[in-house]
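Report on one structure; see the data block that follows.
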Amino acid sequence: MRQRLVVVGNGMAGARTVEEILARGGGGRFTITVYGDEPYGNYNRIMLSNVLAGVEDEAGIFLNDLSWYADNGITLHAGRRVARIDRDAKVVHADDGTTTGYDKLVIATGSRAFVPPIPGIHRPGRGYHQGVFAFRTLDDTRAMIRYARDHERAVVIGGGLLGLEAARGLQNHVSHVTLVHAAGHLMNTQLDPQAGAILRTSVEKLGIDVVCDGQTTEILGKHAVTGVRLADGRVIDCDVVVVAAGIRANADLAQASGLTVERGIVVDDQMRCSGERDVYAVGECAQHRGETYGLVAPLWEQAKVLADHLTGRDPDAAYRGSRVATKLKVAGVDVAAIGVKEAERDDDETVVFAEPRRGVYKSAVIRDGRLVGATLVGDVRKVAFLMQAFDRGLALPEDRAELLFDLGGPPVEVSPADMPDDTQVCNCNGVSKGTLVATVQGGCKTVGGVMDRTRAGKGCGTCKGTVARIVEWAAGGEVEEDPAASWYVPGVPMPKPELMAAIRTHGLKSVSAVFATLGGEEDARSKMGLASLLKMMWGDEYVDERDARFINDRVHANIQRDGTFSVVPQMKGGVTTPAQLKRIAEVAEKHRVPMVKLTGGQRIDLLGVPKETLPLVWADLGMPSGHAYAKSFRTVKTCVGSDFCRFGVGDSTALGIAIEERYQGIEGPGKMKLAVTGCPRNCAEAYVKDLGVVAIDGGRWEIYVGGAAGAHVRKGDLLATVDTPDEVVTLTGRFLQYYRENGNWLERTYAFVPRIGIARLREVLVEDRDGIAADLDAAMAASVAAYRDPWLERREPVTPGQFRTALPLTVLPQVPVPS
Amino acid sequence: MIRLGNLEDIPVGEGRAYAVGDEMVAVFRLRDGTVRAVSAVCPHRGGPLADGQIDNRVVVCPLHLNAFDLRTGCSTSEQPPLTVYAVHVDADHQILLGE
């Protein structure tokens, strides 16, 4: 038999909880009854300021209209208030005398406007003075608009988020608006005094008068409001007063019914009311671990936990509190407030930038190397990065200015709202903002899901951040967690460390064994990443299933747009000989290679070679593979060095050749492009390589890691300065092995190094704090020893038809068609 | 019914292309033992699908990673569909195309 679920409160929390329950199949488990104080379906309260401002009409803010309740078999008592809960009889009593019994009860009564006890604010027997309004409900908003239309001057009491929104909205209806705020600066809960002052200037530029430190002591006017009086005696003339002095949890019903109430209804990690078995509270009315929340994101999290728990999807689901981070447009000004607003401890580190003339303020608070707070006013371009750093405790850039600014980074980001629909977001695959939004509206609400459908972000990957922001914006804050985001590959639900542990525990030595044991379904898109990982982990013991390889790795050449391949012979350190050049020229002529091109890695590329010709070309070249096709160690670019260059201070060519000889073809999570340059003039571009070595005067060598000069441009971080080429070779191997073991699939070093943090890398690789340096060196040495030139497969193909063409038509085996 | 060749010509989990009259057919030998046949040219930019990676459901084009359901030919990345051919293997391990 179905259980009876009663939800008291039809606001954003109550309705969202019901939606989450239905999404988990709870419709079959519960008969659902919802009580709502307001005589409507469920609307987005956050949008009331848009209704007031006239940029949205009422219909646009409804989340679920009345028919939605009927369609889902929910009994909705709209406009009926619950007066009492009888916890012993498990019955709720409505104010019209009707009752409903429950097995499970959810209280989601939200909060109400806090109205300070100011003389004159109420009229005996009539509620509020007729010109005084709270700003909480749709009815409040309607009444305010209706009244303000015929009046001229408004005072808004309260300079927090809601008050600012009300002031901005009222400008749409009256000619003069004054904001009176009791504290010393605007939004004092979220902002420090300096940020508040800058916000104030911006708000004043919009034509709103602002009074801070203003205690309202009286509402003046007998029949109609004529003004407000402040504690210092000042009188501000006005004919409309809006009170937006904060909210308080609406817990009267719970308190009257005997539940534990402090600032809100006290709940545990399952949102269960203190000491109760079947009564829960969710949303702004709930107090969890001492916190009440007035933002929408924590409320969504609570609704999910409660739905998991109630439907039995995960009976032990636990809400552990939310880290408060918010980004809004407050009265037309962009504001983001994350975590703490200012330093709280003596050793907290604060980074501040203020530019009052432009209304820009940015600050970050750092504790023990992690971001614990950030504030942005007027320029919120860095908000995505800061929120991530805050949420995940990422390592922070050494140059703290990079927290607040993009220094030599990608160009200015436009906010998704301001972007025209036809803006091309993914320049590799030609995906527009409009396409992304349409995909979200079609029901796909994870970033990864949208990327899969549209292929946006699947090219060079630089637009991934923008794609994520558009998806989040289009989903209106309802973007769903993408559990797959942390997995090593999409087909096996585990992050890399867990996956590696499971592979070791079960002794999984082939890709098919991994799927069979850990993944369930075989997944084409996961095979290549798994093959790379298993090869790295098992070396000679790896069971090489050729179908797990991408075509490039099956035929040891890079597939081109027409289905032909490119051939790049090894040319260590970019140093060649006349004999080698002659040979390459002869091969190119003999096989009519359509294009011969110098590569960026100082080698020679023969382009347009058909697959079936590859073994012949390799044989005629008689040179080893340059690995210009794999997720592996590619090349070491060098400059002329000390033998010939009059500036060179170190023998870069000899060292480059030595590095390439040792680490040739070693596979990893991404390409590894290296360089050695003979002096800081950096002709070999070593600062922008995955690993770059720079000779400095005095016979020493600097090693930089995590550089890039592709779709993403980044100067590498200095890992170490060493005295000998041998140390360079050793540290190079150690860094590459650490990257192989800890890098996510396709995560290049320019992302990997900042993720781990250069300080941490120095600890592990140079100082050997974890005591794993010897293991890393040994693992790399084993991989080096197992290396075999793949072009030797020309002698005997590994699989039938390994080099048989898949294009073009004419050279395929002709199958006779019976007529 | 058209005989394409031996099943053993196609390594497990891979595909090979065959020219049948004027048509290009990519035949895949799935790891679950099934054999599937679809048109061999990716409708997006002409990529060689027989060089693509597969699982028991889809083939992924090697050029731009568009994916196609091997059973229905439908793209899972918003591309036009592939032609699907009936194919089976007889008792002598011969791959036969057609009903």
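Read-outs: derived from the displayed coordinates by stated rules, not from any lab. Remember, it's a predicted structure, so these values are computed and weren't measured experimentally. Using ideal geometry, Cβ is built from the backbone for each residue, glycine included, and neighbour counts are taken over all protein chains shown.
Tabulated results
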{"quantity": "Residue mean of other protein chain beta carbons inside 10 Å, B:8-14", "calculated": "6"}
{"quantity": "18 Å cut-off, amide nitrogen to a point 7 angstrom out along A:ASP316 Cα→Cβ, residues in the stretch A:260-282", "calculated": "A:268-272"}
{"quantity": "Cα centroid separation, the stretch A:523-544 to the stretch A:642-711 (Å)", "calculated": "29 Å"}
{"quantity": "Greater than 19 Å apart at Cα, pairs in A:LYS611/A:LYS671; A:LYS329/A:LYS382; A:LYS104/A:LYS445", "calculated": "A:LYS611/A:LYS671; A:LYS104/A:LYS445"}
{"quantity": "Packing-based exposure ordering (other Cβ within 10 Å, fewest first) of A:ARG358, A:ARG277, A:ARG87", "calculated": "A:ARG277, A:ARG358, A:ARG87"}
{"quantity": "Förster-model FRET efficiency, 22 Å R0, A:GLN580 and A:GLU661, C-beta, rounded to 0.05", "calculated": "0.90"}
{"quantity": "For the stretch B:33-86 and the stretch A:747-776, distance of Cα centres in Å", "calculated": "41 Å"}
{"quantity": "J(HN,Hα) series, the stretch B:4-19, from Karplus relation 6.51 cos²θ - 1.76 cosθ + 1.60, nearest Hz, glycine and proline x", "calculated": "8, x, 7, 4, 5, 5, 10, x, 4, x, 10, x, 9, 9, 9, 8"}
{"quantity": "Potential extension, A:ILE696-A:GLN441 segment - 0.36 nm per residue separation minus Cα distance", "calculated": "86.1 nm"}
{"quantity": "Under-5 Å amide H pairs with B:GLU14, H placed in peptide plane, nonlocal only", "calculated": "B:ARG29"}
{"quantity": "0 to 90° range, to nearest 10: angle between helix A:12-23 axis and chain A longest Cα axis", "calculated": "50 degrees"}
{"quantity": "Alpha-carbon centroid distance for the pair the stretch A:164-190 / the stretch A:305-364, whole angstrom", "calculated": "22 Å"}
{"quantity": "Within the stretch A:530-611: Cβ-based charge dipole about Cα centre, in debye rounded to nearest 20 (Lys, Arg +1; Asp, Glu -1)", "calculated": "420 debye"}
{"quantity": "FRET efficiency for A:GLU342 and A:ARG289, using Cβ-Cβ distance with R0 set to 25 Å, rounded to 0.05", "calculated": "0.65"}
{"quantity": "Other protein chain Cβ atoms within 10 Å, averaged over every residue that makes up B:60-68", "calculated": "4"}
{"quantity": "Positive-end residue of A:LEU719, A:ILE85, A:VAL617, charge dipole of chain A with Cβ unit charges", "calculated": "A:VAL617"}
{"quantity": "FRET efficiency, 1/(1 + (r/R0)^6) with R0 56 Å, evaluated for A:ASP770 and A:GLU355 via beta carbons", "calculated": "0.85"}
{"quantity": "Charge dipole (debye, nearest 20) of the protein assembly as shown; +1 at Cβ of Lys and Arg, -1 at Cβ of Asp and Glu", "calculated": "840 debye"}
{"quantity": "Theoretical gain in end-to-end length, A:VAL91 to A:GLU498 [0.36 nm per residue, Cα-Cα removed]", "calculated": "141.7 nm"}
{"quantity": "Average partner coverage of A:550-556, which counts Cβ from other chains inside 10 Å", "calculated": "3"}
{"quantity": "Length-normalised contact order for chain A - Cα pairs under 8 Å, 6+ apart - percent", "calculated": "7 percent"}
{"quantity": "Paramagnetic label zone (point 7 Å from Cα along Cα-to-C-beta, A:THR721; backbone N under 19 Å) in the stretch A:649-691", "calculated": "A:649-652, A:676-683, A:686-688"}
{"quantity": "Given charges at Cβ of Lys, Arg, Asp, Glu: the protein assembly as shown dipole, positive-most of A:ILE32, A:ILE21, B:VAL59", "calculated": "B:VAL59"}
{"quantity": "Too-long pairs where the Cα-Cα distance tops 31 Å, listed order kept, from A:LYS527/A:LYS590; A:LYS304/A:LYS535; A:LYS464/A:LYS496", "calculated": "A:LYS527/A:LYS590; A:LYS304/A:LYS535"}
{"quantity": "Angle in degrees between helix A:161-170 and the longest Cα principal axis of chain A, rounded to the nearest 10", "calculated": "70 degrees"}
{"quantity": "Spacing of the two label points (7 Å from each Cα toward its C-beta) at A:THR226 and A:GLU796, in nm", "calculated": "10.8 nm"}
{"quantity": "Rounded to 10°, Cα long-axis angle of helix A:138-148 versus longest principal axis of chain A", "calculated": "70 degrees"}
{"quantity": "Long-range amide H partners of A:VAL489 with built H, under 5 Å", "calculated": "A:MET494"}
{"quantity": "Distance in nm between pseudo-label sites at A:CYS645 and A:ALA781 (7 Å out along the Cβ direction from Cα)", "calculated": "3.2 nm"}
{"quantity": "Under 14 Å, Cβ to Cβ, from A:GLU291 - net charge with Lys/Arg +1 and Asp/Glu -1", "calculated": "-1"}
{"quantity": "Rounded to the nearest 20 debye, dipole of the stretch A:683-819 from Cβ charges on Lys, Arg, Asp, Glu", "calculated": "680 debye"}
{"quantity": "Net charge contributed by nearby residues that have their C-beta within less than 14 Å of A:LEU164 (K/R +1, D/E -1)", "calculated": "0"}
{"quantity": "Mean residue ellipticity (222 nm) of chain A, computed from DSSP H runs ≥ 4 via -39,500 (n - 2.57), nearest 500", "calculated": "-8000 deg cm²/dmol"}
{"quantity": "Where labels lie 7 Å past Cα in the beta-carbon direction, separation of A:ASP65 and A:ALA297 in nm", "calculated": "3.2 nm"}
{"quantity": "Spatially proximal aspartates and glutamates relative to A:LYS715 (Cα-Cα < 12 Å; intrachain offsets below 8 disregarded)", "calculated": "A:GLU685, A:ASP690"}
{"quantity": "Residue (of A:GLY158, A:VAL180, A:MET144) at the positive-pole extreme of the stretch A:143-194, dipole from beta-carbon charges", "calculated": "A:MET144"}
